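Notes follow the structure.
The values are calculated or read from the model by the stated rules, or taken from the named source; none is laboratory data. Computed from a predicted model, the values in this text were never measured in an experiment. Here the Cβ positions follow ideal geometry from the backbone for every residue, glycine too, while neighbour counts run over all protein chains shown.
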Amino acid sequence: MSVIRHPEQRVAILIDTQNLYHSAKNLYKSKVNFAAVVKAALGERKLIRALSYVVNTESGEESAFFEALEKVGIEIKTKDLQIFYGGAKKADWDVGLAIDAIKLANKVDSIVLASGDGDFIPLVEYVKNQGCQVEVITFGRSASGRLREVVDDFIDMDENPHEFLIGYKTSKKRPQTRKQPQPGNKDHKH
């Protein structure tokens, strides 16, 4: 991976909101601090666009979440949840996010994908071939290994979860250490 960062670099951050939400929920039983994600992804560079791709739920309870994203300068793109005959539900922004990345690639120096979804590998390869740097910020434990390999930089939020999660508390318990029996010591039990 070779990444170039400088203060004049123009950056677009595209947030696969569902991907980060479910990773944080499943790995940490916590919620993502999207402002911290944008801050870490951007560094000291120039933010051109920060887009969050979200799905409207049936209950409409996400309005406070949308307001919080907008307060930190993140634009929101919404899509309604599709409910099929028989009750199956579908909500996917992958194609919309990919189209936006392709449209932005010639307007910015770097695109940061906030997602660990391996479905974006062809997008990453295409955008890089257009001369645009591509980076990823996500939870490494739930990220595609191949995606990690093809991007110019990978920020693993698992390395510093308290920075990227709301209300995340690390365990205060110290791991218990057991005294190991010394070789040749006849007092230890098997």
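Annotations
- Within the stretch 1-51, the set of residues being part of a loop (DSSP other than H, G, I, E, B), under 25 Å from residue 107 (Cβ atoms) and not aliphatic (A, V, I, L, M) comprises 2, 5, 6, 7, 8, 9, 43, 44, 45.
- Looking across the stretch 30-79 at every residue that is in contact (Cβ under 8 Å) with a residue 24 or more places away in the chain and among the polar types (S, T, N, Q), the one that is surrounded by the most Cβ atoms within 10 Å (Cβ to Cβ) is identified as 52.
- The set of residues from the stretch 89-116 being among the acidic types (Asp, Glu) and either out of contact with any helix residue (DSSP H, G or I) (no Cβ under 7 Å at 6 or more places or on another chain) or assigned to a loop (DSSP other than H, G, I, E, B) (or both) comprises 92, 100, 109.
- Pairs, first over 17 Å from residue 120 (Cβ atoms) in the stretch 16-28, second of a type in the set (A, V, I, L, M, F, W, C) and buried (at least 17 other Cβ atoms within 10 Å of the Cβ), C-beta under 8 Å, six or more apart: 24/32; 24/139; 24/164; 24/165; 27/139; 28/165
For (1) within 27 Å of residue 146 (Cα to Cα); (2) modelled with pLDDT of 90 or more, each residue gets a yes or a no:
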{"position": "21", "(1), (2)": "yes, yes"}
{"position": "52", "(1), (2)": "yes, yes"}
{"position": "55", "(1), (2)": "yes, no"}
{"position": "72", "(1), (2)": "no, yes"}
{"position": "78", "(1), (2)": "no, yes"}
{"position": "82", "(1), (2)": "no, no"}
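- Which listed residue is among the hydrophobic types (A, V, I, L, M, F, W, C) and under 11 Å from the mean Cα position of the chain (by Cα), from 50, 41, 64: 41
- Scope the stretch 117-143; condition in a helix (DSSP H, G or I) and not hydrophobic (A, V, I, L, M, F, W, C); matching residues: 118, 119, 122, 125, 126, 128, 129, 140, 141, 142
- Scanning the stretch 80-99 turns up no residue that is surrounded by 15 or more Cβ atoms within 10 Å (Cβ to Cβ) and β-branched (Val, Ile, Thr).
- The numbered conditions (1) touching a Phe, Trp or Tyr at 6+ places or on another chain (Cβ under 7 Å); (2) part of a helix (DSSP H, G or I) are all true for residue 146 except (1).
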